[in-house]
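Q: Take this structure first; my questions come after.
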Amino acid sequence: MHAPVMLELPSFEDYALLDSGFERKLERYGPYRIVRPEGQALWQPRLDAGVWAEADAIFSGDGDEDASGRWKFQNKLEGAALEDVWPLSFGPVTFHGRFTAFRHVGFFPEQAAHWQWFDDLIQKRRARTPDTKPKVLNLFGYTGVASLVAAAAGAEVTHIDASKKAIGWARQNQELSGLSDKPIRWICDDALKFVEREARRGSRYDGIVMDPPKYGRGPKGEVWQFFEDIDDLMHKTRALLSDTPLFFLISSYAVRASFMATHELGRDVFAGLGGVVESGELLIREEASERCISTSLFTRWATGDGDV
């Protein structure tokens, strides 16, 4: 059993976890220091309270990951407003950070561990079959950073999200990255309905990424509930894998469950494929400290034998 796997944030010039404690975290996003709630930071901060008070943006809200709240802008960001953007980069991809009505700023830095993983798998496949682009499906794709990483590595990407606003943001990130010539289909749709249609069409993908929310709605009011719908979606999406699949990845945020829940589901879904199923947590380690914050659960499958 390949679990648990604890994946730490790789080197990321435009992001750092500076300190945490008292159910908050102090982070650096590019040039800005930001304070946000973090329910798992049960310990005491290491840095002086004055350092925290001098942050450029401070988010106040309740403990619900998806609850709205209020930003206070000061210092470098004095005079800033909701929806203001600034550029950030990871490898060949540049994208906008943005202050939303929620605590999030448009991407999840800990996902960089997965970005590196499937970037490597795609590039190895491209090296073996340079005339063929691996096809990658990104469900619940949000602002498109994972899609852009896959496209930059040489994949042909289909990106699905239920929010027209998120799709527009993702297109902006594509242009910002200088990747407008890369083959990416941006589609606003309900994830499960899209998967069902693709199965009827006989469409197949070499790599699949999904980052489903705890709760959500599709563009036509379709209701998504993680625990009620994830088994159905995983099995139906597994049927879209090609005859020579590369990888399958699911991340789970704001879900009250152990990684073993999706690990055992993954073992069920990927039975008969061979390869390796591994599951665990994504971690962000404090700068100059041994303390870590666990940000999400994940389960992923890959061929596992180097023949990609």
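Throughout, read-outs are computed from the coordinates displayed, never taken from laboratory work. Bear in mind the structure is a predicted one, so any value in this text is a computation, not a measurement. Reconstructed Cβ throughout: ideal geometry from the backbone, glycine too, with neighbour counts over all protein chains shown.
Q: With springs connecting C-alpha atoms under 10 Å apart, model the chain as a Gaussian network and identify which of ALA53, ALA191, ALA239 has the largest mean-square fluctuation.
A: Result for the chain, Cα springs under 10 Å: ALA53 fluctuates most.
Q: Roughly what % of DSSP beta bridges within region 151-257 run antiparallel, to the nearest 5?
A: Approximately 25 percent, going by the DSSP bridge assignments.
Q: A further question on this structure: Using 1/(1 + (r/R0)^6) with R0 = 51 angstrom and r between the beta carbons of MET6 and LYS164, what's the FRET efficiency to the nearest 0.05?
A: In this case the efficiency is close to 0.90.
Q: Each label point is 7 Å from the Cα along the Cα-to-Cβ direction; what then is the distance between the points at GLN40 and VAL276, in nm?
A: Placing both labels 7 Å beyond Cα along the Cβ direction yields 2.2 nm.
Q: Over the Cα atoms of the chain, how large are the radius of gyration and the largest Cα-Cα distance (Dmax), in Å?
A: Cα-based Rg and Dmax for the chain come out at 19.2, 59 Å.
Q: Could you work out the Rg to Rh ratio of region 3-51, with Rh taken as the Kirkwood radius (inverse of the mean 1/r over all Cα pairs)?
A: Ratio of gyration radius to Kirkwood radius: 1.02.
Q: Mind giving me the nanometre distance, one decimal, between the label points for MET260 and ALA101, set 7 Å out from Cα along Cα→Cβ?
A: 4.0
Q: I would also like to ask the following. Please give the peptides 244-250, 201-207, 18-24, 102-108 ranked by average Cβ packing (other Cβ atoms within 10 Å per residue), highest first, as a rough proxy for protection.
A: Descending packing order for the listed peptides: 244-250, 102-108, 18-24, 201-207.
Q: Now for a different question. Take the chain, connect every pair of alpha-carbon atoms lying under 10 Å apart with a spring to form a Gaussian network, then pick out the residue of LYS25, LYS133, LYS193 with the largest mean-square fluctuation.
A: So, out of LYS25, LYS133, LYS193, the one fluctuating most is LYS193.
Q: Run the numbers on the chain and let me know its relative contact order in percent, using alpha-carbon pairs under 8 Å that are six or more apart.
A: Across the chain, relative contact order equals 17 percent.
Q: Sorted by average packing, counted as other Cβ atoms within 10 angstrom per residue and highest first, what order do 114-125, 285-296, 262-273 take?
A: The densest-packed peptide leads the list: 114-125, 262-273, 285-296.
Q: Let me ask another. Relative to the compact-globule scaling 2.2 N^0.38 Å, provide the ratio for the alpha-carbon radius of gyration of region 106-190.
A: Against the empirical 2.2 N^0.38 Å value, I get 1.04 for region 106-190.
Q: ³J(HN,Hα) across region 81-92 via Karplus (A = 6.51, B = -1.76, C = 1.60, θ = phi - 60°), whole Hz, x for Gly/Pro?
A: 9, 4, 6, 4, 10, 8, x, 9, 9, 9, x, x
Q: Follow-up question, since we're still on this one. Taking amide H positions as placed in the peptide plane 1.01 Å from N, state which residues far from VAL209 in sequence (5 or more) or on other chains have amide H under 5 Å from it.
A: For VAL209, whose amide H was placed from the backbone, the distant partners under 5 Å are LEU137, ASN138, LEU139, LEU249.
Q: On to the next question. Note down the relative contact order for region 44-118 as a percent, whole number, built from C-alpha pairs under 8 angstrom at least six residues apart.
A: 22
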